1. If only one of Asn526, Asn547 is buried (at least 19 other Cβ atoms within 10 Å of the Cβ), closer than 22 Å to Ile580 by Cβ and in contact (Cβ under 8 Å) with a residue 40 or more places away in the chain, which one is it?
2. Say whether the condition of being within 23 Å of Asn623 (Cα to Cα) and out of contact with any helix residue (DSSP H, G or I) (no Cβ under 8 Å at 6 or more places or on another chain) is met by at least one residue in the range 501-510.
3. Is it fair to say Glu273 is part of a loop (DSSP other than H, G, I, E, B) and out of contact with any strand residue (DSSP E or B) (no Cβ under 9 Å at 6 or more places or on another chain)?
4. Looking only at residues that are among the polar types (S, T, N, Q) and within 20 Å of Tyr396 (Cα to Cα) in the range 410-433, which one is farthest from the chain's Cα centre (by Cα)?
5. Yes or no: the range 505-515 includes at least one residue that is assigned to a strand (DSSP E or B) and modelled with pLDDT under 95.
6. Scan the range 392-414 and give yes if some residue there is touching a strand residue (DSSP E or B) at 6+ places or on another chain (Cβ under 9 Å) and either on the phi > 0 side of the Ramachandran plot or assigned by TED's automatic domain parsing to the domain that holds Arg560 (or both), otherwise no.
7. Test of understanding: among Asp240, Asp186, Asp225, which residue is of a type outside the set (S, T, N, Q), outside the structural domain of Thr358 (by TED's automatic domain parsing), at pLDDT below 95 and out of contact with any strand residue (DSSP E or B) (no Cβ under 9 Å at 6 or more places or on another chain)?
Amino acid sequence: MLLAALPLVLNLSAQQSTIRAERAAIMRDYNAVISDLEHVYEFDIVKDSLRVIQHYSKKTEMLTDFTRLFADDKIYFDSFSTVSDLEAFTMVPGKKGFEKIPVTLFNELNDPSGGIFYDDSKSLSFVYPSLKKGASTTLQYNLVHHNPRFLNKIAFQSYLPILNARFTVKAHKDIRLEFRFFNCDDGFLKQSVYSRGKYNYHVWETHDVLPYRYLVSDSYSILYDSPHVCVSVEEVKLRDTTLRYFSTVADLYRFYYSLLPSEEEAPSPPLAELVESITGNKSRHDKVKAIYYWVQDNIKYVAYSEGYQGYIPATAEEVFNRRFGDCKGQSSLIRKMIQIAGLKAWYAWVGTRKLPYTYSELPLPAVDNHMVVAYNEEDSLYILDGTFRFIDFGMYPFSIQGKEVLVGVDSDNYFIFKVPVSGEEESIVYDSVNIDLTGDMITGKGFRSHSGFNRYELAHAMEGVKPADYNRRVTSLFTKGNNKFSVDSCTFHSLYQHGVPASVSYSFNIADYARMVNNQVYINLNLDRSFSESKIDTTTRYAPVVNDFYYTEHQITRLRIPEGYEISYLPDNDVIENEIISAYFRYSVDDGYITLDKKIKYKFLLLQSDRIKLWNSTIDQLNGNYRYSVALNKPETNSIIKK
């Protein structure tokens with residue numbers, strides 16, 4: 001007889017000190033609360049097969065007349081699960097007690113993830129009727145899981161406070177489970193374990209849980225901080241056999257490897273001829289580079305996921321013939337083309353930075369969401385991501401930097417590679433402009449170059465833009481000075497060329513920019529003021545600061561001193577240096593020009609609550625420099641005043 005495994009608790013974040021509060025304070029400070037939240041997982045053996053049913057129940061109470069935000073609700077499911085026994089209703093207070101008003105309309109919609117052309121995620125959306133102060137809503141349903149490999153996470157936190165939360169697992173004694181808890185401090189959950197008949201029971205309870213610490217955003221996942229548990233089936237003992245599911249990384253890898261397409265025989269003549277034509281007599285390094293760039297340029301990324309097709313790569317020939325594929329299909333093609341060129345490459349799985357887990361922490365399909373190709377050359381492992389157009393060969397996609405990659409060598413062997421984080425000198429925006437003053441308007445000519453991931457961003461931003469719309473588009477991308485910045489002309493160089501920076505020469509004007517006071521003219525040479533309005537208000541709920549990649553901004557602004565004017569004020573130089581930003585502001589005067597040489601290096605990917613104070617103080621320092629203007633006048637004698 002197999003016993004349920006002891007729970008494994010993993011604290012991905014130590015910032016849980018404010019996750020709970022006194023109930024009186026919750027009832028005073030919020031417009032509504034979830035008074036009762038219950039999840040029940042039933043794992044049973046029926047007719048010698050595993051059956052998994054999840055029961056869900058939620059009751060929400062309206063504490064004030066501000067109820068509009070709480071009327072809409074949703075249920076999520078996919079092809080691996082079916083909703084049954086669904087009921088939702090509102091209990092409305094009246095003179096004779098409470099009246100039950102049921103929800104009668106449920107709208108089923110496809111609910112694809114961002115960037116996905118099609119997947120099998122679905123939702124049932126509905127509206128609770130007749131909400132007012134004192135009313136309560138109830139939602140309850142069952143979710144029948146058709147595949148025990150893909151179970152839902154259980155969350156102990158929501159966008160509203162939760163007064164009482166309970167998670168119960170009822171499991172047949174011949175079913176071995178594992179529970180992996182994340183962001184649950186000691187004492188957060190009260191656990192009880194008991195047996196009754198042929199079932200083991202596990203119950204976890206918690207109370208008075210505050211809402212999510214951070215605002216939910218597209219760039220940050222609440223999984224980094226919010227307490228939750230992942231349940232998995234390790235083993236099921238049936239009458240004549242024992243089924244093994246997930247417990248270790250090796251278990252997960254065996255499952256993934258079983259889904260890979262069988263090794264194809266000889267490639268089709270068109271594919272073989274293509275590989276020969278683009279690789280020819282090139283070196284190993286240049287062969288792989290040529291293949292990678294060909295896929296970037298010729299295979300369109302179309303994410304299509306339904307059921308197991310979300311895990312099974314299309315064959316290389318399918319992707320080659322259709323000229324499109326998802327991350328798995330593009331990886332299949334890249335790997336096959338490298339093999340045709342006489343080299344070896346491997347399938348590899350990875351979770352983007354929206355998933356906080358390592359493979360040892362969570363050896364389940366929920367640990368990752370992406371497939372790439374790994375290629376080894378002279379002790380350097382290259383990660384080739386066909387979905388990342390416009391990045392140079394050898395660059396690690398920023399969406400997976402700092403994450404683990406599960407690299408499959410063969411049916412029995414794999415290894416884990418941690419993706420390095422690119423430094424701030426690998427992605428640079430260099431912008432040099434010369435400006436002239438005409439009244440309160442400045443006109444200028446600039447040269448701007450983008451390297452690394454900044455080139456990737458510029459290429460994506462310009463893709464599909466018609467030449468007639470270039471000026472308008474560049475105006476929105478290169479915003480300077482004030483909202484009257486306008487690009488008059490622009491010419492791009494090497495925008496979509498692999499391996500070199502993209503650049504643009506442009507001319508512009510900014511109306512109403514200089515301030516004229518009597519004979520004094522004030523001009524702020526900080527035409528670009530990055531993050532000037534990005535200070536975080538910590539008195540309310542906020543989203544962490546997320547940076548896609550380390551990078552550098554280097555801006556040089558040269559103002560021609562107008563004839564007859566002299567400098568009456570020149571700001572001091574300054575340096576900012578801390579763990580998240582390095583910056584300098586350098587003013588100089590030479591040959592009739594005032595020059596501001598400004599460089600800012602951004603050296604972080606994610607700033608959570610422990611570093612928001614540093615972020616805010618850094619923004620204050622930047623803004624302190626952004627505020628300074630040079631002053632010109634027409635005095636009889638010249639004097640330079642330093643602040």
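1. Answer to the check: Asn526.
2. yes
3. Taking the combined requirement at face value, the residue does not satisfy it.
4. Checked the range 410-433; the qualifying residue farthest from the chain's Cα centre (by Cα) is Ser427.
5. Yes, there is a match, as at least one residue in the range 505-515 is assigned to a strand (DSSP E or B) and modelled with pLDDT under 95.
6. yes
7. Asp240
Every residue, every condition in (1) hydroxyl-bearing (Ser, Thr, Tyr); (2) within 19 Å of the chain's Cα centre (by Cα); (3) outside any strand (DSSP E or B), yes or no:
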position: Ala366; (1), (2), (3): no, yes, yes
position: Met371; (1), (2), (3): no, yes, no
position: Phe388; (1), (2), (3): no, yes, yes
position: Met395; (1), (2), (3): no, yes, yes
position: Ile435; (1), (2), (3): no, no, no
position: Tyr456; (1), (2), (3): yes, yes, yes
position: Ser476; (1), (2), (3): yes, no, yes
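The values are calculated or read from the model by the stated rules, or taken from the named source; none is laboratory data. Every value quoted in this text rests on a predicted model; they were computed, and no experiment measured them. Cβ: placed from backbone, ideal geometry, glycine included. Neighbour counts: every protein chain shown.
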